[in-house]
1. Give me the pairs: first residue in region 155-169 and within 18 Å of D118 (Cα to Cα), second residue modelled with pLDDT of 85 or more and surrounded by fewer than 17 Cβ atoms within 10 Å (Cβ to Cβ), beta-carbon distance under 8 Å, and six or more apart or on different chains, which are they?
2. Are any residues in region 212-223 surrounded by 17 or more Cβ atoms within 10 Å (Cβ to Cβ) and in a helix (DSSP H, G or I), and if so, which ones?
3. Restricting attention to region 115-125, which residues are assigned to a helix (DSSP H, G or I) and closer than 18 Å to R90 by Cα?
4. I'm trying to understand the selection: among the residues of region 146-156, which are exposed (fewer than 13 other Cβ atoms within 10 Å of the Cβ) and either β-branched (V, I, T) or over 18 Å from F83 (Cα atoms) (or both)?
5. Mind listing whichever residues of region 350-360 are out of contact with any Asp or Glu (no Cβ under 8 Å at 6 or more places or on another chain) and either of a type in the set (G, A, S) or more than 19 Å from L218 (Cβ to Cβ) (or both)?
6. So, in region 269-297, of the ones that are touching a Gly at 6+ places or on another chain (Cβ under 9 Å) and assigned to a loop (DSSP other than H, G, I, E, B), which residue ends up surrounded by the fewest Cβ atoms within 10 Å (Cβ to Cβ)?
7. Quick one: R175 ticks every box in (1) under 30 Å from Y19 (Cα atoms); (2) part of a helix (DSSP H, G or I) bar one, so which box is it?
8. Look through region 96-145, keep the residues that are charged (D, E, K, R) and within 17 Å of N171 (Cβ to Cβ), and return whichever of them is surrounded by the fewest Cβ atoms within 10 Å (Cβ to Cβ).
Amino acid sequence: MGKSTYGMGSIVLRGKKWYGYPRIKRKNPITGTTVYDRRPIILGLKSSMTKKEAREKLYREIIRRKGGAKTSGLVLNDGSVTFGWFVRNRYLPMKEGDWSEETAKNKRSLIRSNLLDDLGEIPLENLDKFTLKIHVNKLAETCSKDTVLQMCAYLRDIFEEAVEQDFLYKNPAKRVKVPKVLRAKDETVLSWDQLRMALELLEDRDRILLELDMTDALRPSELFALRWKCYQSELSRLVILETVYKGKIRPWGKTKKSLEPVPLPPLFVSDIEAWKARCPDSSPEAFIFANRDGGFIDTANFRRRVLKQLATVLNLPNLTFQIIRRTIATLSQKKGPAKATQGLMRHARLATTTDVYQKVIPEAVAEMAGAIHDELRKPSTAAAQTSVMGAQMRAGKRKRRVKSNPKLTPIDTKEGS
């Protein structure tokens with residue numbers, strides 16, 4: 001960044017652009033006091049003009065302003081508008097076109113509760129790196145790690161957009177770092193026995209529902225949207241045609257990969273058939289796991305009514321659909337390769353399966369260390385030959401010891417020969 005004063009104004013290089021700050025006297029018609037017009041002008045890119053040319057352009061703009069003419073340069077937008085005004089009127093309208101309806105609602109809610117409630121009334125030009133860093137530190141004390149990371153990303157993006165739209169000349173959030181100390185994420189992983197006990201406490205529909213969720217690691221939005229037309233008994237599978245989210249049916253899945261068919265083990269097919277025979281409505285459009293009114297089950301209701309009670313009775317640290325998916329992804333490490341787990345979870349990327357969902361199993365690490373040690377203790381295929389080579393190496397070592405220490409006794413010398 002460079003600054004140069006020139007007559008009645010100054011120029012500043014910020015990033016890739018020259019900014020001009022004219023210094024023209026004006027008389028306030030209300031108070032009668034003399035004020036200076038310092039509203040900046042974008043003179044041009046550094047690559048298209050030299051510093052001298054930028055000075056000359058600023059001088060011409062000052063002359064034009066004094067004569068009452070409009071400036072030919074691009075005047076910087078008013079940085080005194082509030083952060084909240086810019087987000088609601090300039091940032092969100094540009095971004096919402098790339099978001100689905102539900103995603104837009106979630107993002108607006110997150111931005112409002114974590115950013116606008118505290119920073120919304122502050123002018124853009126008054127928000128500096130220090131203020132933003134203090135706010136991020138405050139979020140780190142009360143919010144989850146993922147929320148803090150999201151808010152830091154939003155701050156950088158919002159202010160970058162403000163720079164692009166010429167409301168600011170630099171991004172104060174560009175170098176705001178995420179606090180190192182963040183609230184630990186819930187990484188609960190259950191055991192096979194805990195999963196079995198949970199199923200044993202349930203009856204009829206809820207047991208089949210939860211066992212299906214555990215078997216195929218289904219998302220709740222997929223699980224509760226299943227209709228009988230999704231069940232293909234001849235192929236022993238379920239096809240996901242739609243999902244439910246916040247009380248609405250959506251004719252799409254989370255990703256294209258998530259819409260792949262879900263396999264059903266033979267023994268579980270018989271359970272599904274038995275449930276179909278005794279459920280209130282088994283017509284193609286009916287939900288496989290319907291509520292009392294014949295509609296789909298509310299996820300929050302099931303979590304509160306079933307999962308939370310199971311966690312209390314079994315004294316589990318926690319029990320949610322996310323924990324079930326993480327548990328299945330982790331325990332499946334001993335059941336098959338990682339690519340098979342990716343297929344079961346229906347993740348688009350293997351890294352999502354291995355880095356986000358799968359956790360280290362300490363017992364498996366101990367078993368692996370034991371297996372490696374067992375391999376090291378096995379005799380080699382040329383055990384006799386290596387034994388002779390080892391004796392030769394030991395003999396050579398004794399000879400070197402005798403040469404380096406002449407005070408050794410004859411017995412030691414004979415032993416070393």
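1. Going by the 8 Å Cβ cut-off, the qualifying pairs are R156/K174; F159/K174.
2. Across region 212-223, the qualifying residues are L212, D213, M214, D216, P220, S221, E222, L223.
3. Once the filter is applied, which keeps residues that are assigned to a helix (DSSP H, G or I) and closer than 18 Å to R90 by Cα, region 115-125 yields L115, L116, D117, L119, L124, E125.
4. Correct list: D146 only.
5. The answer is L350, A351, T354, D355, V360.
6. Filtering region 269-297 for residues that are touching a Gly at 6+ places or on another chain (Cβ under 9 Å) and assigned to a loop (DSSP other than H, G, I, E, B), the one surrounded by the fewest Cβ atoms within 10 Å (Cβ to Cβ) comes out as P280.
7. (2)
8. D128
The values are calculated or read from the model by the stated rules, or taken from the named source; none is laboratory data. Source: prediction; values computed, not measured. Cβ: placed from backbone, ideal geometry, glycine included. Neighbour counts: every protein chain shown.
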